[in-house]
1. Are any residues in region 50-68 part of a helix (DSSP H, G or I) and of a type in the set (Ser, Thr, Tyr), and if so, which ones?
2. Those residues that are at pLDDT 95 or above, surrounded by 15 or more Cβ atoms within 10 Å (Cβ to Cβ) and farther than 12 Å from Val80 by Cα, I need them from region 96-105; list them, please.
3. Quick one: would you say Val80 is part of a strand (DSSP E or B), of a type in the set (Val, Ile, Thr) and within 23 Å of Trp5 (Cα to Cα)?
4. Scanning for something surrounded by fewer than 12 Cβ atoms within 10 Å (Cβ to Cβ) and at positive phi, does region 47-56 turn up at least one residue?
5. Does any residue in region 41-59 that is more than 17 Å from Ala22 (Cα to Cα) and free of Cβ contacts under 8 Å to residues at least 60 places away in the same chain come within less than 6 Å, Cβ to Cβ, of a residue that is outside any helix (DSSP H, G or I) and β-branched (Val, Ile, Thr) six or more places away or on a different chain, and which pairs are these?
6. Of the residues Asp35, Asp85, which is out of contact with any His (no Cβ under 6 Å at 6 or more places or on another chain), assigned to a strand (DSSP E or B) and over 16 Å from Glu13 (Cα atoms)?
7. So Glu15 passes all but one of these: (1) charged (D, E, K, R); (2) touching a Phe, Trp or Tyr at 6+ places or on another chain (Cβ under 6 Å); (3) free of Cβ contacts under 8 Å to residues at least 24 places away in the same chain. Which condition number does it fail?
8. Return the total of residues in region 24-46 being more than 16 Å from Asp85 (Cβ to Cβ) and either at pLDDT 95 or above or buried (at least 18 other Cβ atoms within 10 Å of the Cβ) (or both).
Amino acid sequence: MSTTWEQDVRAREEENRLAFLAADLDALDRLWTDDFLVNSPINVVNDKRRTLSLLEAGRVRHTSMVIDIEHMARHGDVVVVMGSDRVTDGPDGRVSHRRFTNLWRLDGGAWRCFARHANVVAREPAA
């Protein structure tokens, strides 16, 4: 049986996934803290502003994303989420299998993501 915080963070993970796929910058701005950082699969650390601008410009874009959360742990007001995902990149259609870690912090009564790390473990050619 999952606890309320687990349900809340899983719901935020799903919101984050859908917002990223839709390039919903307003939703991502709400879900990510102002000091958000991502260690991206292309071996570059980007802050929130840079990540949102790359998404807005279409430089980062996924046409599908399936996430498998394997582990969640709460440490006070911080939750660590670890797992794997499978993303299809547009427009080339290449599929990447990745490992990820997302860090969520309770911020003003809401769970917000403040850090992410993702790395590619395998790539498939476009279908």
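The values are calculated or read from the model by the stated rules, or taken from the named source; none is laboratory data. Values in this document were obtained by computation on a predicted structure and should not be read as measured data. Backbone-built Cβ (ideal geometry, glycine too); neighbour counts: all protein chains shown.
1. Passing the criteria: Thr51, Ser53.
2. Going residue by residue through region 96-105, those that are at pLDDT 95 or above are 97-105.
Now drop any that are not surrounded by 15 or more Cβ atoms within 10 Å (Cβ to Cβ), which leaves 98-105.
The answer is Arg98, Arg99.
3. Numbers: part of a strand (DSSP E or B): yes; of a type in the set (Val, Ile, Thr): yes; within 23 Å of Trp5 (Cα to Cα): yes.
Against the criterion (part of a strand (DSSP E or B), of a type in the set (Val, Ile, Thr) and within 23 Å of Trp5 (Cα to Cα)), Val80 qualifies.
4. no
5. Asn46/Val38
6. The conditions single out Asp35.
7. The one condition Glu15 does not meet is (2).
8. Step one: filter region 24-46 for residues more than 16 Å from Asp85 (Cβ to Cβ), giving 24-37, 43-46.
Checking which are either at pLDDT 95 or above or buried (at least 18 other Cβ atoms within 10 Å of the Cβ) (or both) leaves us with 24-37, 45-46.
Summing the residues that are more than 16 Å from Asp85 (Cβ to Cβ) and either at pLDDT 95 or above or buried (at least 18 other Cβ atoms within 10 Å of the Cβ) (or both) in region 24-46 gives 16.
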